[in-house]
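Read the structure below first, then the notes.
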Amino acid sequence: MAIVKPSTPPGVLELLPSDQVAFQRMLDEIRAGFERFGFLPIETPALERTDILLTKSGGETERQVYYVQSSGAWEQRQRIKMGLRFDLTVPLARYVAQHESALVFPFRRYQIQRVYRGESAQRGRFREFYQCDIDIVGKDSLSLACDAEMPAVIHDIFSKLDFGPFTIHINNRKLLLGLLDDLGIGDHGKRLRILREIDKLDKRTPEQVSRTLAGDLELDESTAGRIMAFVAVTGDNHDVLEHLRQMPIEAPRFRTGLEELSQVAADIERFGIPASNVRINVAIARGLDYYTGTVYETLLDDHPEVGSVCSGGRYDDLAGHFTRSRLPGVGISIGATRLFSQLQALGIVQGAHSRTRVLVTLFDPALFGDSLQLARRLRAAGINTEMTLEKRKLGKQLKYAERQGIRFAVILGPDERARGTVRVKDLETTRQAEVPVEDLVATVSGNGSQNENAPPDTSVVQPGGGHR
C-alpha cells in the first residue's frame, strides 16, 4: 500500500497540544468577556443556502464562497444549493429574521465559530478560521449608547488578554460620506474607490494615496487636497471634535455624523474607558455598503504591522434581504485565528501547559482500585485529574507529568494505604509531603501551595518501601 504524505491543506492552522491550550484560553477569555456584558451565545450551521450567502454585497462574495455539493447531486449535475459560511454576519441576519418572533429585542448575541473563505494561500490569510463576534440588534431603532458599549467590551477583553498596549480607533462613516457629498462626488463606484484608498493609509504614505486620488481616480488637485487635509486631522479627541465642528462642511449627512460621533465619544467616557485607549480617527473608512455610522478598529500600539485585531461598526438594517422589519444593529469581530498566529510569530503568545492539575500515579498495580478512587475523589471536587492506567516506573510517570505541565503528582503505596494517607509531590517547587486522604483535595486546591501543616520534605518519594 502506498504511503500518503501527511500534510494539512494551505490556509488552515493546526496546532500542537500546548499551542492549542493557549489558543483555547484566548477563546475562553474572549467568551468570558462577552458574557460579562450580558451577550448570549448562538451557533449557526457551517452550511448555508447559497441564496442566503450571496445576499451580502460590497465585496468579492461569490469568489470567496466554498460551494458544497453531495456526490450524488454532483453526478446528476444539479445546481449547487449549499455553501460554507464566509463570515458570521450573514448567518446572523438570516437567524434574526427567521426567529424574529421568538427573540427578545434588543437582541444581544455572541458567536464563536469557524468560517471558511476562498482566500489565496499566503501568510496571515486563512481559508478556515475562528471569528468571535458580538452584535446588538434592535427593532426599529437602537440607542447610540450601544455604539459606546462596544469599545467598553473591547477594552475589557484586550486588557485581560494582556497582549500589550492597544488603541481603539473610532469614526463615523457619515463624516466621510458627508465630505464627498459636499465635494459633489455622487458616483457610487467612485466613492467606493476613494474610500478604499483612504483605508490604505495604514499601509501607504499620504503622498502615495494623494497621487492615486489625483491620478487613477482623476480628482482635481483641490478636491484631492481637501480629502487628504480632512483625513489628516488628529489630536486629542475633544480637539478633533472641535476642529470638525469648525469645518465649513454643511452637508446634512456630515453634520449628523458629527453629532452622533460626539455623543458616542461622550458615552465612551461614561463607560470609564481611559482616554489613552480611545482615539477618534477620521481616516477609518471600512466598507461602503455595509457600515452606515460608527466604525471601530483596534490596533496593538507596539505592533501596528499586525493590523486591526478587532473591528466592526453600526449598520442601519441587518436583515433587509430576509424581512420587512427594520433591524438596526452594531457589532464587532475578532479574527481569533489570524490574531493568534501573528502574535505567536512575534513571540507574544507561547504554548501553555495542560489544564490537568493532578496526576494520580500507579505505584502498584495491586492498588489500581484504590488509586482510581483517589482520582474520582479529585474529579468530584472539580479538580482536573489524570490517572496512569498502565504499569510504568514511577520516575517515568513523574517525568511525564512534568512534560505535560501537571502541577501535582499523587502517589499511593501499600504503607500509605495502611495509614490512610497519600504522598503529594508539587512538581513545580519539588516539595512533597504525606497527607491524610481526607486532606488531599485541600492540598492540591487553591493557589497550589501544600498544606501549611504538612512538613516540607524534599527527599526522594519512596512510598511503601518501594523504588522510584
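Here are a few things to note about the model shown:
- For the stretch 22-103: rounded, prolate or oblate by the Cα gyration tensor [a/c cutoff 1.5]: prolate
- Of [x] 32.2, 112; [y] 28.6, 93; [z] 21.5, 78, the label for Rg and Dmax of the Cα atoms in Å derived from the coordinates: [y]
- Gain in span if fully extended, Lys190 to Ala442, counting 0.36 nm per residue against the direct Cα distance: 83.9 nm
- Relative contact order, percent, the chain [alpha-carbon distance under 8 Å, six or more residues apart]: 15 percent
- When the helices of the chain are scored as -39500 (n - 2.57) per DSSP H run of n ≥ 4 and the total is divided over every residue, the value at 222 nm lands at -11000 deg cm²/dmol.
- You can think of it this way: the chain between Glu242 and Lys200 has 12.5 nm of extra reach, that is 0.36 nm per residue less the Cα-Cα gap.
- Two-site label geometry, Asp316 and Glu221: point separation in nm, points 7 Å out along Cα→Cβ: 3.7 nm
- Sequence-distant residues sharing a close amide H with Leu318 (under 5 Å, placed H): Leu327, Gly329
Read the figures in this text as sums done on the coordinates, not as results from a lab. Since the model is a prediction, treat every value here as computed from it, not as a measurement. Positions of Cβ are generated from backbone atoms using ideal geometry, with glycine treated the same way; all protein chains shown enter the neighbour counts.
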